[in-house]
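Asker: What follows is a structure written as structure tokens; I'll ask about it next.
The values are calculated or read from the model by the stated rules, or taken from the named source; none is laboratory data. Worth saying up front: this structure is predicted, and the values here are computed from it rather than measured. Cβ placement follows ideal geometry from the backbone for every residue including glycine, while neighbour counts extend to all protein chains displayed. These accessible areas exclude ligands, DNA and RNA; they are computed on the full protein's heavy atoms, side chains included. Shrake-Rupley method; radii C 1.70, N 1.55, O 1.52, S 1.80 Å.
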Amino acid sequence: MHDEPQTLETAASPARTAQPAAAVGDSSAPARSAPWIIRIVLVGLVLAALNLRPAITSLGALLEEVRDGLHMSGSVAGVLTSVPPLCFAVFGITAPRLARRFGPAAVVCAGMAAIFAGLAVRPFASGTAGFLAASALALMGIAVSNVLMPVIVKRYFPDRVGSVTGLYSMALALGTSLAAAATVPMTDALGGSWRTGLGVWAILAALAVLPWIPLLRDRGTGPATGTADVPAQATAPSAAPLRITRSRTAWALGVFFGLQATGAYITMGWMPQIFRDAGVPAGTAGVLLAVTMVMGVPLAFVIPRLATRLTNQGPIAVALALCGLAGYTGLYLAPASGAWAWALLLGVSNCSFPLALTMIGMRSRSSAGVVRLSAFAQSVGYLISIPGPLLVGVLYQHSGGWGLPIALMAGLMVPQMIVGTLAGRDRTVEDEC
């Protein structure tokens, strides 16, 4: 992997390059990681990222079969599709406290174990309640791991934030598209049972637990040294607590995260139906969704690297939102004739997710600050994203067409540009708290 030529602080703010890390409250910043730890963490990040979406997208691929098998009502199935962002918001906020007590690597290890347990148990559920409980267990593991991924990158790769964020964002996009595309064919190949088709993803989750086990004793919040770090409180007793809710940048990041997540969930949930209603065959509509999702694989690697080379990431946020605006405009005017172009444009727009993750790592000067900012931005963001897909469904049902829902989707791109510009400014939350 090609190393970034600048440190995170240099990329985020050239004016702060001469300021030692200790002066900004990251108590163990001078420490360096042992090479073998770096390799293990890198493997762990990739495997963890691959597991952050299959629990959701594999279920979406087999939702009709699951509904029939568990005799699930339509309203309960609708609730089930809203559970992921709700769990991400509720459980993600607990990640900072868990990370302070046990260390971020240990919490990610536990998160991968929870994903494995949830995915292994839910195929054996005989009723809706058990299925929901097992799904919630897996989503709880995803939630805390979601929050701590930027923290792990900041901690172990402070001089390669763009490269490593891009790598795990690319793995996350790959896991998302792989589960969506492969679940149904794999289910057919394994005998046709939806229980087998969902349960097989537990194998990948089990593999993701293994790299984190050697890091269980590492409980610090600064760069790893191969042993447990000295607690931050012992080395920086004068550091004032970070009141994240006072930061305008933190709020801008939270809203930006929420708006991009809203667009992603709307796209995943409704785009195939939009194409089908426009006369596109069902099989082609599914391929168009896969194209949209696959776009995140290469761009998720490129965008974070580009973002860390700029002092202001606002222009990238605006460019991605403009792609979304163009894609939704195309869906409104000519959904069938330009379907492939609109799918590509919306795929580019959905890459606001790796940009948001990169900005989380750049908007704080310390690992502890990244923990707080990541939990805050993602929890606020996922709460914001919950009503979006439901509102699109309501508008579609009551208006009898896709004109009004698509207008809503396009309209959301405007505030996303605004808050993305605010979140991308060259400052840190410590400056505002």
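Asker: How far, in nm, would the chain grow between Ala129 and Ala319 when pulled straight, counting 0.36 nm per residue and subtracting the alpha carbon separation?
Answerer: Separation in residues times 0.36 nm, less the Cα-Cα distance, equals 64.1 nm.
Asker: Separate question: Please state the charge dipole magnitude for the chain, taken about the Cα centre, from unit charges on C-beta atoms (+1 on K and R, -1 on D and E), reported in debye and rounded to the nearest 20.
Answerer: Dipole of the chain, to the nearest 20 debye: 860 debye.
Asker: While we're looking at this one, here's another question. So what's the angle, to the nearest 10 degrees on a 0 to 90 scale, between helix 352-362 and the longest Cα principal axis of the chain?
Answerer: Result, in degrees: 10.
Asker: Could you give me D for segment 282-433, from Stokes-Einstein at 37 °C and 0.692 mPa s, where the hydrodynamic radius is the Kirkwood radius over C-alpha pairs? Units µm² s⁻¹, please.
Answerer: 196 µm²/s
Asker: Go from 0 up to the bin containing the longest alpha carbon distance in the chain, width 10 Å each, and give me the % of pairs per bin.
Answerer: 5, 23, 33, 25, 12, 3, 0
Asker: Sticking with this structure for a sec: Tabulate in residue order the Karplus-calculated ³J(HN,Hα) for segment 91-96, using 6.51 cos²θ - 1.76 cosθ + 1.60 with θ = phi - 60°, rounded to whole Hz; enter x for Gly and Pro.
Answerer: Working through the residues one at a time gives 7, x, 5, 7, 4, x Hz.
Asker: A further question follows. Pairing the Cα long axis of helix 387-399 with the longest principal axis of the chain, what angle in degrees results, from 0 to 90 and rounded to the nearest 10?
Answerer: The helix 387-399 is inclined about 20 degrees to the chain.
Asker: What do you get for Rg/Rh over segment 85-174 if you use C-alpha atoms and the Kirkwood form of Rh?
Answerer: Value, to two decimals: 1.04.
Asker: Additional query: Could you work out how far apart the two model spin labels at Arg97 and Leu310 are, taking each label as a point 7 Å from the Cα in the direction of the beta carbon, and quote it in nm?
Answerer: Roughly 3.8 nm, to one decimal.
Asker: Along segment 254-268, what does the Karplus equation 6.51 cos²θ - 1.76 cosθ + 1.60 (θ = phi - 60°) give for ³J(HN,Hα), rounded to whole Hz, x for Gly and Pro?
Answerer: Couplings: x, 5, 4, 4, x, 5, 5, 5, 4, x, 5, 5, 5, 4, 5 Hz.
Asker: So for the chain, taking the charge dipole from beta-carbon charges (+1 Lys/Arg, -1 Asp/Glu), which of Ala129, Gly296, Ala206 sits furthest toward the positive end?
Answerer: Ala206
Asker: To the nearest 20 Debye, how big is the dipole of segment 45-158 about its Cα centre, given +1 on the beta carbon of each Lys and Arg and -1 on that of each Asp and Glu?
Answerer: Value, rounded to 20: 640 debye.
Asker: Among Val151, Val90, Ala319, whose Cα lies farthest out toward the positive end of the dipole of the chain, if unit charges sit on the beta carbon of Lys, Arg (+1) and Asp, Glu (-1)?
Answerer: Most positive-ward Cα: Val151.
Asker: Shifting gears a bit: Go through 372-379, 326-333 and give me the packing order, highest mean Cβ count within 10 Å leading.
Answerer: Listed from highest to lowest mean packing, they are 372-379, 326-333.
Asker: So for each of 264-270, 158-164, 337-343, 139-145 I average, over its residues, the number of other beta carbons within 10 Å; can you give me the resulting order with the highest mean first?
Answerer: The packing order, highest mean first, is 139-145, 158-164, 264-270, 337-343.
Asker: Measure off 7 Å from each Cα along the Cα-to-Cβ vector at Val414 and Arg39, then give the distance between these two points in nanometres to one decimal.
Answerer: 5.4 nm
Asker: Here is a further query. Could you please put Thr196, Thr249 in sequence from largest to smallest accessible area, using a 1.4 Å probe?
Answerer: Listed by decreasing accessible area, they come as Thr196, Thr249.
Asker: Could I ask something else about it? Take the chain, connect every pair of alpha-carbon atoms lying under 10 Å apart with a spring to form a Gaussian network, then pick out the residue of Val348, Val297, Val76 with the largest mean-square fluctuation.
Answerer: Its mean-square fluctuation being the largest, the pick is Val76.
Asker: What spacing in nm lies between the two simple spin-label points modelled at Leu333 and Leu190, each 7 Å away from Cα in the Cβ direction?
Answerer: 4.5 nm
Asker: Assuming a ≥ b ≥ c are the square roots of the Cα gyration tensor eigenvalues, decide whether segment 339-406 counts as rounded (a/c under 1.5), prolate (otherwise, with a/b larger than b/c) or oblate.
Answerer: Taking the square roots of the gyration eigenvalues as a ≥ b ≥ c, segment 339-406 is oblate.
Asker: Under the rule of -39500 (n - 2.57) per DSSP H run of 4 or more residues, summed and divided by the residues of the chain, what mean residue ellipticity at 222 nm is obtained, to the nearest 500 deg cm²/dmol?
Answerer: Using -39500 (n - 2.57) per qualifying helix, the result is -23500 deg cm²/dmol.
Asker: Using only alpha carbon pairs under 8 Å that are at least six residues apart, calculate the relative contact order of the chain and give it in whole percent.
Answerer: 26 percent
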